[in-house]
Amino acid sequence: MMSKKRCSNKFATLCLSLILSACAANEPQRSDSVLQQSGKQAGQSAYLWVSESAEYQWNTQLIYQAAANRVYQYLGGKKEGKWGVFLDLDQTVLDNTAFQQLLLERKTTYDQPLWDEWVKMEQASLVPGALVFIEEVKRLGGLVVFVSNRAHYLQQATENNLHALGVPYDEMFLRSGQRNKAARWHSAMKNIDFTPVLWLGDQVTDFPLFDEDYNGDDCPAFSTAYSYNAPTDSFLSEQLGRCIFVVANPIYGTWKTR
Ligand SMILES: [Mg+2]
């Protein structure tokens, strides 16, 4: 027969082991919840920075001014209509923070039908600095070509939104097939017959993976777009501030890790 003391010790051990296993079972949930909470706070903070801060405006204006300087340097002797710029649209030219506000208010995350519904409202505003830059390119005789991964069926709503914002442009290529933009860039260069001076976007996939680091004044040749898993020591960093200009977007996207 077990002594009272031994019985009590055994009961305490059992309780402790039950508590420990309960803690272990709960641990991942607690961590997930903490991560979700901090992600939510980070999302709200990013949204506020983009929608409210002067610093965000200064950042995007600075990038667009640097892009304009590249255009001025490139221009000598270039024929009107034979050079141009490739721009992404979302969070590069069009500011969709109102959509992010909607997601935060509804306590939900991105989904395609909700995004489509919002785009069709044609309520996007402009990223600071974008319009001044685009107007300057047009004034100097350059072409403005948008290549975006918005779905092709959003073409009319996108055109209407850009028109209402007074954005002049020459061509717009949305996505009807693959997300990789290289085929659309090549097709635009061939069909419109122009040389791109620079690419401007908010994610690494908005830029070409160049074949070499330097090619005189012109941007180097490329066969594909940059991907998230491309090596970081490739030629993209060589082209920053020359053929590649990146505006900050802390709100969404699959960011390239260092
Ligand atoms: Mg974008």
Quiz item: Which FRET efficiency value, to the nearest 0.05, do you get for Tyr214 and His152 by plugging their Cβ-Cβ distance into 1/(1 + (r/R0)^6) with R0 = 35 Å?
Solution: 0.50
Practice problem: Give me the distance between the Cα centres of segment 132-180 and segment 212-258, rounded to whole Å. | Solution: 21
Exercise. Hand me the GluC sites (Glu not before Pro) from segment 51-156 located in a DSSP loop with no more than 13 other Cβ atoms within 10 Å, in residue order please.
Key: Glu80
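Tell me, what is the FRET efficiency for Leu104 and Thr195 to the nearest 0.05, using R0 = 41 angstrom and their Cβ-Cβ distance as r?
Working: r = 42 Å, r/R0 = 1.03.
Taking R0 as 41 Å, the efficiency between Leu104 and Thr195 is 0.45.
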Self-check item: Within segment 183-212: backbone nitrogen closer than 11 Å to the Leu140 label point (7 Å, Cα to C-beta)
Solution: 197-198
Practice problem: Mind putting a number on the dipole of segment 46-139 about its Cα centre? Charges go on the C-beta only, +1 for Lys and Arg and -1 for Asp and Glu, and I need it in Debye to the nearest 20. | Solution: 540
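Which of the trypsin sites (Lys or Arg not before Pro) found in segment 141-209 are loop residues per DSSP with 12 or fewer other Cβ atoms within 10 Å of their Cβ?
When the trypsin sites (Lys or Arg not before Pro) of segment 141-209 are filtered for loop state and at most 12 Cβ neighbours within 10 Å, Arg179 remain.
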Exercise. Could you let me know the centre-to-centre spacing of segment 82-99 and segment 60-80, using Cα atoms, in angstrom?
Key: 16
Quiz item: Efficiency by 1/(1 + (r/R0)^6): what FRET value for Lys120 and Asn229, r their Cβ-Cβ distance, R0 = 30 Å, to the nearest 0.05?
Solution: 0.35
Quiz prompt | Simple label model, 7 Å out from Cα along Cβ direction - Leu240 to His186, nm | solution = 2.8
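Report the extension gain between Gln44 and Glu171 in nm, rounded to one decimal, defined as 0.36 nm multiplied by the number of residues separating them, less their alpha carbon distance.
42.3 nm
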Quiz item: Arg179 label point, 7 Å along Cα→Cβ, cut-off 13 Å on backbone N: hits in segment 77-114?
Solution: 112
Exercise. Determine the sum of side-chain charges near Arg179: Lys and Arg each +1, Asp and Glu each -1, restricted to other residues whose C-beta is under 14 angstrom from that of Arg179.
Key: +1
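Any read-out appearing in this document is the output of simple, stated calculations on the displayed coordinates, not a laboratory observation. Quantities reported herein were computed from a predicted structural model and do not represent experimental measurements. Counting neighbours? That spans all protein chains shown, and the Cβs are built from the backbone with ideal geometry, glycine included.
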